[in-house]
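Asks: Starting off with a structure, shown below.
The values are calculated or read from the model by the stated rules, or taken from the named source; none is laboratory data. Here the structure is a predicted model, which means the values were calculated and not measured. Note that we place each Cβ from the backbone using ideal geometry, even for glycine, and neighbour counts take in every protein chain shown.
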Amino acid sequence: MWFFSSPAIVFGESSLSYLSQVPIQRAYIVSDANLAAAGLVKKVIDHLPEQAQIVGEYCAVEPDPTLETAVQGARLMLDARPDWILAIGGGSVIDAAKAMWILYERPDMQADAINPVEVLGLRKKARLIALPTTVGTGSEATWATVLTDPRENRKLGLGNRECLPDIAILDPIMVQSLPLPILIDTALDALTHAIEGYTSTWHNVFSDGLCLKAAEMICATLPCCVSDPNSTDYRADLQNAATIAGLGFGNSMAALAHGMGHALGGIFHIAHGKAVPMFLPYTIDYSLGGEHDSTRYRPLAALLSLPASTEQEAGANLAVYLRELMSMMGQPGSIAELGIPRHEFEANMSVLVDNALNDTQTIMGTRIPDLPDLEKLFRAAYDGRRIDF
Ligand SMILES: [Fe+2]
């Protein structure tokens with residue numbers, strides 16, 4: 001038995017106006033300070049239906065939100081009693097809003113105990129609308145929520161099928177002023193979702209087409225958008241592609257690049273969109289060193305017009321293509337280029353490897369690394385070396 005889940009998706013110009021049709025009585029806004037200061041929260045509020053009352057705002061979600069942020073937001077929601085929660089932001093905001101929502105509906109739960117197995121019984125109190133302001137995380141289309149446990153410097157992949165947003169609204173106006181460096185980070189994260197969603201062992205016939213389409217759109221559009229950063233059309237295409245990739249990997253799974261990126265980001269506080277895409281070519285190198293009967297690089301490489309007569313050739317060309325794309329975008333190609341001193345990297349190796357090994361995404365690739373392989377992979381990624389595994 002398998003599921004395909006999707007929010008209702010409203011996209012394109014003037015999508016925000018759809019809000020006036022939603023029967024919102026008591027709205028609770030979740031966002032961050034920068035977006036509130038940039039006027040994006042106000043843009044959304046201006047489109048709420050007449051009867052809607054704003055009963056609370058939590059515009060202080062930090063990058064990589066902690067378990068405590070989720071608990072605080074839920075506590076405020078318990079007093080405010082919203083019937084709709086509006087998450088306005090990137091993945092951090094939307095993930096935090098999902099966790100706040102769960103804890104608001106289920107105050108008996110601990111934040112770190114949110115899991116995909118339990119029946120939560122959400123939507124007795126509220127529903128969730130996600131309004132993404134980046135072009136990457138896809139959180140508006142998935143039921144995952146990543147929270148940080150600061151005591152252990154660890155990112156926790158939590159979530160439950162029930163916390164998929166009810167509605168995702170993709171209005172291009174929400175990404176028009178997204179700064180170019182964040183646009184690049186998040187678009188490359190979305191590309192990683194598309195590639196890992198297509199190649200993970202949980203791929204399926206419903207997610208495949210979405211992942212391929214998203215990969216094609218991002219590879220075609222991102223360089224154009226970087227050359228012409230004010231183009232609304234390119235930005236809208238990337239915004240749509242990110243949600244398509246979100247639907248794709250959200251109904252499949254991400255894989256090893258996410259497992260390693262979460263581990264590195266949790267310890268060294270590196271942005272998700274820098275760490276995860278950086279690892280992707282190394283994890284392709286690693287997968288190519290295993291059996292090729294379940295890898296799926298040929299359709300992806302062919303889509304990008306790369307030579308792909310065998311899985312080996314396709315995967316190797318895809319990894320080269322990704323390294324070149326990231327270099328062209330000015331992205332770091334190694335852990336050293338992220339500015340992490342070697343002694344600090346080595347001092348944290350055992351925690352890095354341990355956290356990557358325990359990340360739920362790590363086991364979703366076609367080749368699952370053991371501890372020594374993960375150390376080798378991290379060291380190769382530190383030095384920017386392509387090695388044969
Ligand atoms: Fe991601």
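Asks: Anything in segment 265-292 that is of a type in the set (F, W, Y) and either within 20 Å of P372 (Cβ to Cβ) or touching a His at 6+ places or on another chain (Cβ under 8 Å) (or both)? List them, or say none.
Replies: Matches in segment 265-292: F279, Y282, Y286.
Asks: Also, quick follow-up: Across segment 123-142, which residue is nearest to the chain's Cα centre (by Cα) among those that are under 18 Å from L76 (Cβ atoms) and surrounded by fewer than 24 Cβ atoms within 10 Å (Cβ to Cβ)?
Replies: Among them, the one singled out is R127.
Asks: Then there is this: Restricting attention to segment 290-301, report how many residues are surrounded by 15 or more Cβ atoms within 10 Å (Cβ to Cβ) and either free of Cβ contacts under 8 Å to residues at least 12 places away in the same chain or of a type in the set (A, V, I, L, M) (or both).
Replies: So the count comes out to 2.
Asks: I want to confirm something. Restricting to segment 143-176 and keeping residues that are part of a helix (DSSP H, G or I) and not acidic (D, E), which single residue is surrounded by the fewest Cβ atoms within 10 Å (Cβ to Cβ)?
Replies: Selected residue: R161.
Asks: Residues A141, A168: which one is touching a Gly at 6+ places or on another chain (Cβ under 7 Å), closer than 30 Å to P229 by Cα and of a type in the set (A, V, I, L, M, F, W, C)?
Replies: A141
Asks: Need pairs with beta-carbon distance below 7 Å; first residue within 20 Å of L76 (Cα to Cα) and in contact (Cβ under 8 Å) with a residue 40 or more places away in the chain and within segment 100-120, second hydrophobic (A, V, I, L, M, F, W, C) and surrounded by fewer than 19 Cβ atoms within 10 Å (Cβ to Cβ); sequence gap 6+ or separate chains.
Replies: I102/M109; I102/L120; A111/V71
Asks: Considering only segment 194-201, I want to know if a residue exists there that is in contact with a Cys (Cβ under 9 Å, 6 or more places away or on another chain), of a type in the set (F, W, Y) and within 16 Å of the ligand (Cβ to nearest atom). Break it down stepwise before answering.
Replies: First, pick out the residues of segment 194-201 that are in contact with a Cys (Cβ under 9 Å, 6 or more places away or on another chain): 194-199.
Add one more test, that the residue is of a type in the set (F, W, Y), and what stays is 198.
If we keep only those that are within 16 Å of the ligand (Cβ to nearest atom) too, we end up with 198.
Scanning segment 194-201, I find at least one residue that is in contact with a Cys (Cβ under 9 Å, 6 or more places away or on another chain), of a type in the set (F, W, Y) and within 16 Å of the ligand (Cβ to nearest atom), so the answer is yes.
Asks: I would also like to ask the following. Of all residues being of a type in the set (D, E, K, R) and closer than 28 Å to A36 by Cα in segment 116-128, which is nearest to the ligand (Cβ to nearest atom)? Just the residue, please. Explain how you work it out, then say what you get.
Replies: First pass over segment 116-128, keeping only residues of a type in the set (D, E, K, R): 118, 123-125, 127.
Now narrow it down to the ones that are closer than 28 Å to A36 by Cα: 123, 125, 127.
Numbers: R123: 26, K125: 29, R127: 25 Å.
Among them, the one singled out is R127.
Asks: Determine if segment 331-339 includes at least one residue that is touching a Pro at 6+ places or on another chain (Cβ under 7 Å) and among the acidic types (D, E).
Replies: No, there is no match, as no residue in segment 331-339 is touching a Pro at 6+ places or on another chain (Cβ under 7 Å) and among the acidic types (D, E).
Asks: Continuing with this model, one more query. Any residue that is surrounded by fewer than 21 Cβ atoms within 10 Å (Cβ to Cβ) and farther than 22 Å from N355 by Cβ - is there at least one of those in segment 249-264?
Replies: no
Asks: Taking segment 302-325, which residues are surrounded by fewer than 21 Cβ atoms within 10 Å (Cβ to Cβ) and within 21 Å of the chain's Cα centre (by Cα)?
Replies: Listed by number, the residues that qualify are R323, L325.
Asks: Which of the residues that make up segment 78-125 are in contact with a Lys or Arg (Cβ under 7 Å, 6 or more places away or on another chain) and at positive phi?
Replies: Correct list: R81 only.
Asks: Just to verify a result, which residue in segment 143-154, among those that are over 13 Å from the mean Cα position of the chain (by Cα) and of a type outside the set (V, I, T), is farthest from H262 (Cα to Cα)?
Replies: R151
Asks: Right, here's the next one. Which pairs have Cβ atoms under 8 Å, sit 6 or more apart or on different chains, and link a residue in segment 122-137 that is without any contact (Cβ under 8 Å) to a residue 24 or more places away in the chain to one that is more than 16 Å from the ligand (Cβ to nearest atom)?
Replies: K124/E105
Asks: If you don't mind, there's one more thing I want to ask. Working only within segment 104-122, note down all residues that are farther than 22 Å from F249 by Cβ and surrounded by 23 or more Cβ atoms within 10 Å (Cβ to Cβ).
Replies: Y104
Asks: Further question: Out of segment 129-158, which residues are modelled with pLDDT under 90, of a type in the set (D, E) and within 16 Å of the ligand (Cβ to nearest atom)?
Replies: Passing the criteria: none in range.
Asks: Can you tell me how many residues in segment 318-334 are over 16 Å from L222 (Cβ atoms) and in contact with a Leu (Cβ under 7 Å, 6 or more places away or on another chain)?
Replies: Summing the residues that are over 16 Å from L222 (Cβ atoms) and in contact with a Leu (Cβ under 7 Å, 6 or more places away or on another chain) in segment 318-334 gives 1.
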